[in-house]
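Asker: Can you keep this structure in mind? I'll have questions shortly.
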Amino acid sequence: MSMRVDDLVAKYVELRDKKSAMKKQFDEKMKPLNKAMEQIEAALLKTSIATGIESFKTGSGTAYVATQTS
């Protein structure tokens, strides 16, 4: 690569800025999906608490309550 350092830095900054803009757009598009998933998680947790069952095996997959300790 025979580009000058100034050209390399300029290209890097251009790509970094483009990456940042693309991430911002992606994050915005993900907001509705994340919100819907959070609502489903809350409903499953509520059901788990109400029934005392910590895992649900279904034809679509398994949902379970995970407890994290620090």
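The values are calculated or read from the model by the stated rules, or taken from the named source; none is laboratory data. Just so you know, these numbers come straight off a predicted model, no measurement behind them. We work out accessible area using only protein heavy atoms, side chains counted, and drop any ligands, DNA or RNA first. Shrake-Rupley method; radii C 1.70, N 1.55, O 1.52, S 1.80 Å.
Asker: Across region 18-56, what is the total count of residues that are open to solvent by 80 Å² or more (accessible area, probe 1.4 Å), assigned to a helix (DSSP H, G or I) and not polar (S, T, N, Q)?
Answerer: So the count comes out to 20.
Asker: So Ala66 clears everything in (1) open to solvent by 100 Å² or more (accessible area, probe 1.4 Å); (2) not in a helix (DSSP H, G or I) except one condition, right? Which one?
Answerer: All conditions are met except number (1).
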